[in-house]
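Inspection log for the structure reproduced underneath, given as structure tokens.
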Amino acid sequence: MTKSLKRIFLVDDSKIFRFTVVKLFSITGYDGELVEFEDGQKLLDYLSQNLNNPDALPDLVLLDINMPVMGGWAFLEAYSKLEKPAKDFEIRILSSSIDPSDINRTQDFKDVNGYMTKPLNIPQVKELLEKRNTNISAA
């Protein structure tokens with residue numbers, strides 16, 4: 001079975017950073033949908049309304065942890081209380097923080113699949129896309 005990234009959600013309060021990430025994905029030839037959210041609350045609201053619609057859910061969420069309104073940690077706390085979505089998806093922290101306590105804190109959340117530090121670069125984007133576009137044997 002092939003698991004490709006058809007839909008990625010980027011959650012970051014920096015408009016410039018979101019613009020840069022969109023460009024990076026475009027440069028690598030990504031032809032899926034990249035949806036932008038400026039804070040965790042907007043993502044939580046969207047997911048709450050679409051939990052039962054697998055076509056509306058992402059394959060991957062790239063989540064910043066330091067944002068106004070609702071940061072990544074608060075989002076993860078609230079998300080963990082929602083019912084299970086109709087489709088599994090990965091959540092990766094994408095933060096400028098290199099604080100070991102932030103990196104270790106990801107282990108507190110079963111929904112988090114990794115931690116990446118900003119700035120995101122082309123090799124990291126390619127690695128994300130290649131890992132997901134490889135064949136995965138059925139369990």
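The values are calculated or read from the model by the stated rules, or taken from the named source; none is laboratory data. What you are looking at is a predicted structure, and each value in this text was computed from that prediction instead of being measured. A quick note on method: Cβ atoms are made from the backbone with ideal geometry, for glycine too, and the neighbour counts reach across all protein chains shown. Side chains are part of the model used for accessible areas, which takes the heavy atoms of the whole protein and leaves out ligands, DNA and RNA. Shrake-Rupley method; radii C 1.70, N 1.55, O 1.52, S 1.80 Å.
Out of the total accessible area of the chain (probe 1.4 Å, heavy atoms of protein only), what percent is carbon and sulfur? Can you show the working numbers first?
Values: 3840 of 7680 Å².
On the chain, the fraction of accessible area on carbon and sulfur atoms equals 50 percent.
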| remark: Once both label points are put 7 Å beyond Cα along the C-beta direction, the K131-D108 separation in nm becomes 2.3 nm
| note | Restricting to Cα pairs under 8 Å and 6 or more apart, the percent relative contact order of the range 41-86 works out to 48 percent
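Would the chain count as rounded, prolate or oblate if I go by the C-alpha gyration tensor, calling it rounded below 1.5 in a/c and otherwise prolate when a/b exceeds b/c, oblate otherwise?
Rounded, because the longest to shortest axis ratio a/c is under 1.5.
Expressed in nm to one decimal, what extension gain is obtained for the pair S4 and I16 from 0.36 nm per residue of sequence separation less their Cα-Cα distance? Working shown, then result.
Working: separation 12, 0.36 × 12 = 4.32 nm, distance 2.63 nm.
That pair, S4 and I16, stretches by 1.7 nm at full extension.
Between rounded, prolate and oblate, where does the range 85-125 land on the alpha carbon gyration tensor, with a ≥ b ≥ c its root eigenvalues, rounded for a/c under 1.5, else prolate if a/b exceeds b/c? The partial results should precede the final answer.
Values: a/c = 3.36, a/b = 1.22, b/c = 2.75.
Oblate, because a/c is 1.5 or more while a/b does not exceed b/c.
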| task | Provide the percentage of antiparallel DSSP beta bridges, counting only those with both residues in the chain; round to the nearest 5. | result | 5 percent
| query | What is the range 1-127's relative contact order, in percent, from Cα pairs under 8 angstrom and six or more apart in sequence? | reply | 26 percent
| query | Where only protein heavy atoms count, and the probe is 1.4 Å, what is the accessible area per residue for the range 25-139 in Å²? | reply | 55 Å²
| Just how many pairs of Lys in the chain have C-alpha atoms closer than 19 Å, counting pairs that are eight or more places apart or on different chains? | 19
| said: At 0.36 nm per residue, and after removing the present C-alpha to C-alpha distance, how many nm does the segment from A78 to N53 gain when stretched out fully? | reply: 7.1 nm
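Taking the Cα centre of the chain as origin, work out the dipole magnitude from +1 charges on Lys and Arg Cβ and -1 charges on Asp and Glu Cβ, in debye rounded to 20. Provide the component values of the computation, followed by the final result.
Numbers: 17 positive and 21 negative charges, 70 e Å.
Its charge dipole is roughly 340 debye.
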